[in-house]
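Got a structure here, written out as structure tokens. Questions coming.
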Amino acid sequence: MSKIEAVIFDWAGTTVDYGCFAPVRAFIEAFKTFGVEPTDDEVRKPMGMLKWDHIHTMMQMERITEEWKRVHGRMWTKEDVDAVYRRSERSILDILHDYAEPKPHVLETVKELRAQGIKIGSTTGYTDEMMSIVVPEAKKQGYEPDAWFSPNSVGNMGRPYPYMIFRNMEALKISSVHSAVKVGDTVADIKEGINAGMISVGVIEGSSVMGLSMEEYRSLTEDRRKEECDRVRRVYEECGADHVIMDMSELCPLLASVSAD
């Protein structure tokens with residue numbers, strides 16, 4: 001294994017916004033505006049994709065398609081996807097400033113990575129306009145990666161395409177995909193890393209796949225907590241994750257063991 005030169009993090013659900021609630025809330029409110037109420041599971045399944053693609057994927061879900069036809073008396077169209085997307089974008093821009101708090105162990109881990117000379121990159125499903133809110137708000141609270149790229153920077157070819165990762169590698173002057181690691185909290189994150197040819201790591205606690213707030217997670221019984229963590233671990237492993245960590249405190253020890261292989 002090459003020496004690790006960079007870690008490419010996701011944002012919501014990975015480094016900020018425990019449980020990845022900002023986009024979930026925005027998508028649900030947008031669909032409700034058009035008379036269709038998706039479940040949390042339906043919203044979270046495509047999480048991590050470019051937001052328009054996310055809504056398009058949801059529209060193709062059998063239950064949502066049938067509900068749309070029932071409410072509107074016709075099949076949905078691309079124009080309907082555009083309309084729901086525009087509504088979701090307005091919703092999320094109104095609330096994003098409240099969802100930029102760094103997750104537990106993130107600030108300490110980033111500090112330790114930098115002390116080792118490892119650069120911090122990042123990719124996201126958010127647009128540039130959304131990131132113009134999240135980035136400065138996260139910076140106020142102590143988190144600032146060395147680089148970030150949204151789907152807007154790669155012709156809207158967001159996850160699972162690997163192009164945002166490649167833009168990070170160029171900006172950070174990383175020598176090889178084998179010298180960087182992708183860390184995320186969705187299936188799209190893992191596939192993005194795999195498609196870039198690099199080690200992909202899934203984070204369990206506070207992830208979109210888990211979908212629980214910190215309070216909800218901590219209130220679970222020990223047995224239920226183990227069941228949830230095992231479920232999330234299986235999701236990551238089934239989509240090809242190389243490694244799975246409970247939280248960010250496990251990342252530096254993992255990188256040390258990977259580098260030693």
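FYI, it's all coordinate maths here, none of it is from the lab. All values reported here derive from a predicted model rather than from experimental measurement. With ideal geometry, Cβ positions are generated from the backbone for all residues, glycine too; neighbour counts draw on all protein chains shown.
Would you mind computing the Rg to Rh ratio of the stretch 31-97 from its alpha-carbon coordinates, Kirkwood style for Rh?
Values: Rg = 11.5 Å, Rh = 12.2 Å.
Ratio of gyration radius to Kirkwood radius: 0.94.
Given Cβ point charges of +1 (Lys, Arg) and -1 (Asp, Glu) and nothing else, what value in debye, to the nearest 20, does the dipole of the stretch 91-164 about its Cα centre take? Kindly include the intermediate steps, with their values, before the conclusion.
Values: 7 positive and 10 negative charges, 61 e Å.
The calculation lands at about 300 debye.
Further question: Could you state the angle between the C-alpha long axis of helix 106-115 and the longest principal axis of the C-alpha atoms of the chain, as a value from 0 to 90 degrees rounded to the nearest 10?
The angle comes out near 40 degrees.
Starting from the Cα of Ser213, move 7 Å in the Cα-to-Cβ direction to define the label point; list residues of the stretch 35-76 whose amide nitrogen is under 16 Å from there.
40
What FRET efficiency would be calculated for the residue pair Glu62, Arg90, taking the C-beta separation as r and a Förster radius of 25 Å, to the nearest 0.05? Please report the intermediate quantities before stating the final value.
Working: r = 28 Å, r/R0 = 1.10.
The computed FRET efficiency comes out at 0.35.
In what sequence, highest mean first, do 43-53, 210-220 appear when ranked by Cβ atoms within 10 angstrom? Each step should come with its number before you reach the end.
Details: 43-53: 23.5, 210-220: 14.9.
Taking the mean over residues of other Cβ atoms within 10 Å, the ranking is 43-53, 210-220.
Let me ask something else. Round to the nearest 10 and give me the degree value, 0 to 90, for the angle of helix 251-260's Cα axis relative to the longest principal axis of the chain.
Orientation of helix 251-260: about 50 degrees from the principal axis.
A further question follows. Can you give the angle from 0 to 90° between the axis of helix 78-95 and the longest principal axis of the chain, with both taken from C-alpha atoms, to the nearest 10?
Compared with the principal axis, the helix lies near 60 degrees.
Farthest toward the dipole's positive end in the stretch 170-261, which of Tyr236, Ser213, Val183, given Cβ charges of +1 (Lys, Arg) and -1 (Asp, Glu) about the Cα centre?
Val183
How much FRET efficiency would the formula 1/(1 + (r/R0)^6) give for Met75 and Lys32, where r is the Cβ-Cβ distance and R0 is 22 Å, rounded to 0.05? Let's see the in-between values first.
Working: r = 20 Å, r/R0 = 0.90.
Taking R0 as 22 Å, the efficiency between Met75 and Lys32 is 0.65.
Also, quick follow-up: Output the relative contact order of the stretch 61-161, whole-number percent, from Cα pairs under 8 angstrom with separation of 6+ residues. Don't skip to the end; give the middle numbers.
On the way: 71 pairs, mean separation 25.4, N = 101.
Averaging sequence separation for qualifying contacts and normalising by length gives 25 percent for the stretch 61-161.
At 0.36 nm per residue, minus the direct Cα-Cα distance, what do Arg231 and Arg25 gain on full extension? Give it in nm, one decimal, please.
On the way: separation 206, 0.36 × 206 = 74.16 nm, distance 2.29 nm.
Fully extending the segment from Arg231 to Arg25 adds 71.9 nm.
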